[in-house]
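Worksheet: one structure, shown below.
The values are calculated or read from the model by the stated rules, or taken from the named source; none is laboratory data. Keep in mind that this is a model prediction, so the values were computed, not measured. Cβ placement follows ideal geometry from the backbone for every residue including glycine, while neighbour counts extend to all protein chains displayed. The accessibility values were calculated without ligands, DNA or RNA, using every heavy atom of the protein model including side chains. Shrake-Rupley method; radii C 1.70, N 1.55, O 1.52, S 1.80 Å.
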Amino acid sequence: MTQKIVIAGSGFAGFWAAVSAMRAINIAGKHDDIEVLMVSPTPTVTIRPRLYEAVLENMNPDISAQLAAVGVRHLAGTVERIDAAAKTLTVAQATGGSLELVYDRLVWATGSRLSVPAVPGFAEYGFNVDTLESAQRLDAHIKALAAKPSTPARNTAVVVGAGLTGLESAAEMPQRLRDVLGKDENVRVVIVDSAPEVGAGMGAEPGAVIRQALAECGVEARAGLRVSAIDAEGVMLSNGERIAANTVILAAGVRAHPLTEQIPGERDGNGRVIGDAFLRAPAAAGIFVTGDTVKAATDDLGNHNLMTCQHAMSLGRVAGHNAAAELAGLPTHPYSQPKYVTCLDLGPWGALYTEGWDRQVRFTRQEGKKIKQEINTQWIYPPAADREALFAVANPDFVIVP
């Protein structure tokens, strides 16, 4: 009887898990014994790290040809329920109706969702760049501002959260508003964060660089504060200050996909399953967790993966390989990703590139921007639909870093 590996999700981790699993099956010569099925709404990879950008072209590339080249089947649908004990999934098919899938190994790669704080007005009046659809909604809103009368609220954008997405969104926004409203308009962009200083989470030296870059881009910082309410005309801050703004962008972090809660086991504060060294869910036989749904050690120094594509791609390769290796009789491979870099786009100022978990600054301004552009336009995109070329970069040891 043919054994089945189900890959739930077609993001960075899901795509590479599927290719890596097929690579292992190919090595073992088990094509007739093991099949790989990917389940996701569409056979696409959303280039989520780029959704802060003003131009939203080629942000959802189709991977049908790549999946076909390596022999992965795709089922258009959404997982609605996991029964870890019975090793079954309930899938709502895109064509209608429900389907029950039995799996021998499940690779859970459904990613994460925006974490929305319980603040009055966020759901009704806030924007975000968490999905392509939400980024397109923000883009349409910004373009529509040109038809409104010039007021301080129309000309102001507030970014809530100074993580990587918030910083990149804020740095881009002054120029983005001027491109729509006119170069002579007095635009205002404010970034609000609860940390004592904006950029503090990156460390002292990178934080200082970030604050300088934001200032040069024309972004005001409001540190040590929270947004307490939002309406159509602005936000109220925790210190009582009101900022008139028609555009409020939420970038306050993410949590693992809600269905991850149906996988038995210990979780972290972001809803991720604490995985073992091989990315198994320790309390759920046959389930591997990867990408933004797992917390795993990257090295022997106490560091763990972040919820970024940098880690998701490597996590996917390891989880996919191990799921197939267990069925095909190959050695499993422990996850390890000791090299860590950060490349932060800071709009017209350039970009900040750091190395190591202590984030040592290596490149800034246009030198950093060149690296960021290579990452955003080349490194994170799926390769061409060539079977051998895909297998060549799908081994669990493969890591793309500068």
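Brief remarks follow.
- Hey, ALA17 in a helix (DSSP H, G or I) and either under 22 Å from ASP397 (Cα atoms) or at pLDDT 95 or above (or both) or not: yes
- Yes/no for PRO334 being more than 18 Å from ALA17 (Cβ to Cβ) and open to solvent by 20 Å² or more (accessible area, probe 1.4 Å): no
- When segment 90-127 is filtered for residues that are in contact with a helix residue (DSSP H, G or I) (Cβ under 6 Å, 6 or more places away or on another chain) and among the basic types (Lys, Arg), only ARG105 remains.
- Here the condition is being farther than 21 Å from HIS257 by Cβ and open to solvent by less than 10 Å² (accessible area, probe 1.4 Å); of ALA17, ALA28, ALA24, ALA69, it holds for ALA24 alone.
- Residue within segment 286-298 that is out of contact with any helix residue (DSSP H, G or I) (no Cβ under 7 Å at 6 or more places or on another chain), open to solvent by 10 Å² or more (accessible area, probe 1.4 Å) and of a type in the set (S, T, N, Q) present: no
- Count of segment 142-181 residues which are farther than 26 Å from LEU352 by Cβ and open to solvent by less than 40 Å² (accessible area, probe 1.4 Å): 5
- All told, ASN246 meets the bar of being under 13 Å from TYR125 (Cβ atoms), among the polar types (S, T, N, Q) and touching a Lys or Arg at 6+ places or on another chain (Cβ under 7 Å).
- From PRO206, PRO282, residue being open to solvent by 60 Å² or more (accessible area, probe 1.4 Å), more than 30 Å from SER150 (Cβ to Cβ) and in contact with a strand residue (DSSP E or B) (Cβ under 8 Å, 6 or more places away or on another chain): PRO282
- Of all residues making up segment 356-372, the number that are open to solvent by less than 50 Å² (accessible area, probe 1.4 Å), more than 23 Å from THR46 (Cα to Cα) and free of Cβ contacts under 8 Å to residues at least 60 places away in the same chain: 2
- Residue satisfying condition, being at pLDDT 95 or above and more than 19 Å from the chain's Cα centre (by Cα), within set GLY320, GLY286: GLY286
- Subset of segment 77-92 [surrounded by 14 or more Cβ atoms within 10 Å (Cβ to Cβ) and in a strand (DSSP E or B)]: GLY77, THR78, VAL79, ILE82, THR88, LEU89, THR90, VAL91, ALA92
- Answer from GLU124, GLU133 - the residue that is at pLDDT 95 or above, among the charged types (D, E, K, R), farther than 17 Å from VAL189 by Cβ and part of a helix (DSSP H, G or I): GLU133
- Subset of segment 1-42 (residues that are more than 22 Å from THR88 (Cβ to Cβ) and among the basic types (Lys, Arg)): ARG23, LYS30
- Pairs where the first residue, in segment 373-402, is more than 14 Å from SER314 (Cα to Cα) and the second is at pLDDT 95 or above and of a type in the set (Gly, Ala, Ser), C-beta under 6 Å, 6+ apart: PRO383/ALA389; ALA385/ALA65; ALA385/ALA69; ARG387/ALA69
- Filter result for GLY269 (loosely packed, with under 15 Cβ neighbours inside 10 Å and either of a type outside the set (A, V, I, L, M) or assigned to a strand (DSSP E or B) (or both)): yes
- If the condition is being open to solvent by less than 40 Å² (accessible area, probe 1.4 Å), β-branched (Val, Ile, Thr) and over 23 Å from the mean Cα position of the chain (by Cα), then segment 98-132 contributes only VAL119.
- Beta carbons closer than 6 Å, at least 6 apart along the sequence or on distinct chains, pair a first residue in segment 238-250 that is without any contact (Cβ under 8 Å) to a residue 40 or more places away in the chain with a second that is assigned to a loop (DSSP other than H, G, I, E, B) for SER238/LEU225; SER238/ARG226; ASN239/LEU225.
- For segment 218-266, taking the residues that are open to solvent by 60 Å² or more (accessible area, probe 1.4 Å) and under 21 Å from ARG113 (Cα atoms), the one that is nearest to the chain's Cα centre (by Cα) is identified as ARG255.
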